[in-house]
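Each value in this text was obtained by applying a stated rule to the coordinates, not by laboratory testing. Since we're looking at a predicted model, the values are computed, not measured. Cβ placement follows ideal geometry from the backbone for every residue including glycine, while neighbour counts extend to all protein chains displayed.
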Amino acid sequence: MNYRKVIDLQRQFFNTNATKNISFRVKELKHLKHVLKKNEALLYESIYKDFKKSEFETYTTELSIIYNEIDLALVKVKKWSKKKKASTGLANLPGKSYIIPEPYGTVLVIGAWNYPYQLSLCPAIAAIAAGCTVVLKPSEVPSHTAATMAKLINQNFGPGFFKVIEGGVQETTEILTVKFDKIFFTGSVAVGKIIYEAAAKHLTPVTLELGGKSPAIITNDVNIDMTAKRLVWGKFLNAGQTCIAPDYVLVASDIKDELLSAVKKYIEKAAYHVDNQNYTQIINDKNFDRIENLIEKDKVYIGGDCKKEERVITPTVLVNVEFSDKVMQEEIFGPILPVLTFDTIEEAIKKVNSLSKPLSFYIFTKSKSIKNKVLNEISFGGGAVNDTLMHFTEHTLPFGGVGNSGIGNYHGKFGFDTFSHYKGILQKPFWIEPNLKYPPYSATKLKWLKRILG
Ligand code: NAD
């Protein structure tokens, strides 16, 4: 495929100013929802083929998130796109100031494989709401999903406005040689650096949604049963293949045993089996082997069964884990939960801060002072107090990383902002112009200027 041609086509279309029209954006977003709703069976089927994932989980973790993002944009896009008044300083009176949101232009969205629909389509929705044209390159790893996305979008939208290009490393490398007005990438830290470098050649702004090891700290005053329930759900959803899954647990040493037995209880209660559709497969053999290799058999508290033919790894909890263990050297991105302990909160904070800044962070505690201390002293993308994952579903919260876990954010209005440039405008009338700033300068003028400007 000649990628330059696709992008030229999008530029031509963007330059017609059609996407600047709010009713155009509303029409296209409604159309996208209609296309997805009409083809829901295909969406469920493709996810099932790639992950053996249930309709229940595909709805809760993919479709509902996409529909919510579209519905919110439909209600808010007019307000978000309005020019906003800003105050004007004495030096510019009489005059008025305002800010105009303007779409970046032709943007590239590159998706990850773990929630292939929502991680590709939610940024695209934000870009459309902001008035951009979109080239979407979904992850090639879930092949059925990528093909379905390409089919649905390319059959229902003009290529000058919204186009899916399928492909892997080679195709993406080629696409990245072309200049875009914004690149939105979701994926690994290593590839994020490649994207950043390619974007820098064209001075293209980027949003990088990356990963990392997201910790859960649990103090000894918690409701252990509720903590375990929320922890187990957040960890083993999608078989741990969630960028914001609690990667590891740091629990107060005096409640470790109680927490472990509650975790075991909830793993058993959830009946995690692919056959009953309460669980999902590991995406491919490469990831299966990588995850299996992280399990040290003599540290398994529960789980640890690896069935290669089915690509299933049972929910696994590891105990007696040290920070130097191999499971602590990389993002797990699979169903293994290492449990480490701490004696003082200062020690826990120090350990978390010794690793790269995480995408998410979870603190389970009833103590207000500990909560405030960790939120103040640990840098991370976003997170939850006494819960896991659910901060992702709040469109009022920006979602994104910091440091190694990413640059920028999205969801709701934050997504609109991510694809918008804010033009600052000062507008002056013709009827008056004070002479103070103009030469010839004088001591009197300077005296007055100092009074006005401070
Ligand atoms: P990945 O980096 O391997 O792939 C992401 C995308 O980049 C894919 O579309 C892929 O085709 C493309 N790509 C891969 N190699 C490339 C290269 N050399 N040049 C150009 N493009 C290339 O990531 P993944 O395996 O799909 O996802 C797993 C990672 O993504 C984990 O680290 C996870 O934490 C992170 N993630 C982050 C978020 C988030 O919202 N922050 C969400 C999901 C996943």
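Out of everything in segment 174-200 that is of a type in the set (D, E, K, R) and within 14 Å of the ligand (Cβ to nearest atom), what residue ends up being farthest from Asp247 (Cα to Cα)?
Glu174
Residues of segment 150-173 being buried (at least 16 other Cβ atoms within 10 Å of the Cβ), on the phi < 0 side of the Ramachandran plot and within 9 Å of the ligand (Cβ to nearest atom), which ones?
Correct list: Thr172 only.
Here's the yes/no breakdown for (1) hydrophobic (A, V, I, L, M, F, W, C); (2) farther than 30 Å from Val178 by Cα; (3) touching a residue at least 60 places away in the same chain (Cβ under 8 Å); (4) assigned to a helix (DSSP H, G or I):
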{"position": "Thr61", "(1), (2), (3), (4)": "no, yes, yes, yes"}
{"position": "Ser64", "(1), (2), (3), (4)": "no, yes, no, yes"}
{"position": "Trp80", "(1), (2), (3), (4)": "yes, no, yes, yes"}
{"position": "Ala91", "(1), (2), (3), (4)": "yes, yes, yes, yes"}
{"position": "Ile100", "(1), (2), (3), (4)": "yes, no, yes, no"}
{"position": "Leu119", "(1), (2), (3), (4)": "yes, no, yes, yes"}
{"position": "Cys122", "(1), (2), (3), (4)": "yes, no, yes, yes"}
{"position": "Ala127", "(1), (2), (3), (4)": "yes, no, yes, yes"}
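Name the residues in segment 395-454 that are assigned to a loop (DSSP other than H, G, I, E, B), without any contact (Cβ under 8 Å) to a residue 12 or more places away in the chain and hydroxyl-bearing (Ser, Thr, Tyr), would you?
Result: Tyr438, Tyr441, Ser442.
Examine segment 340-348 for a residue that is outside any helix (DSSP H, G or I), farther than 23 Å from Pro315 by Cβ and without any contact (Cβ under 8 Å) to a residue 12 or more places away in the chain, and state whether such a residue exists.
Taking every residue of segment 340-348 in turn, at least one turns out to be outside any helix (DSSP H, G or I), farther than 23 Å from Pro315 by Cβ and without any contact (Cβ under 8 Å) to a residue 12 or more places away in the chain.
Run down Glu330, Glu377, Glu310, Glu322 and say which single residue is within 16 Å of the ligand (Cβ to nearest atom) and over 20 Å from Met226 (Cα atoms). Talk me through it step by step, then tell me what you get.
On the way: Glu377 fails: within 16 Å of the ligand (Cβ to nearest atom); Glu310 fails: within 16 Å of the ligand (Cβ to nearest atom); Glu322 fails: within 16 Å of the ligand (Cβ to nearest atom).
Glu330 is the lone residue from the list that is within 16 Å of the ligand (Cβ to nearest atom) and over 20 Å from Met226 (Cα atoms).
Go through segment 118-133 residue by residue and tally those that are within 12 Å of the ligand (Cβ to nearest atom) and among the hydroxyl-bearing types (Ser, Thr, Tyr). First the steps, then the outcome.
At the first step, the residues of segment 118-133 found to be within 12 Å of the ligand (Cβ to nearest atom) are 118-120, 122-123.
With the extra rule that they be among the hydroxyl-bearing types (Ser, Thr, Tyr), the set shrinks to 120.
Residues that pass the stated criteria total 1.
If I ask for residues that are part of a loop (DSSP other than H, G, I, E, B), more than 20 Å from Glu330 (Cα to Cα) and hydroxyl-bearing (Ser, Thr, Tyr), which ones from segment 273-318 would you list?
Matches in segment 273-318: Tyr279, Thr280.
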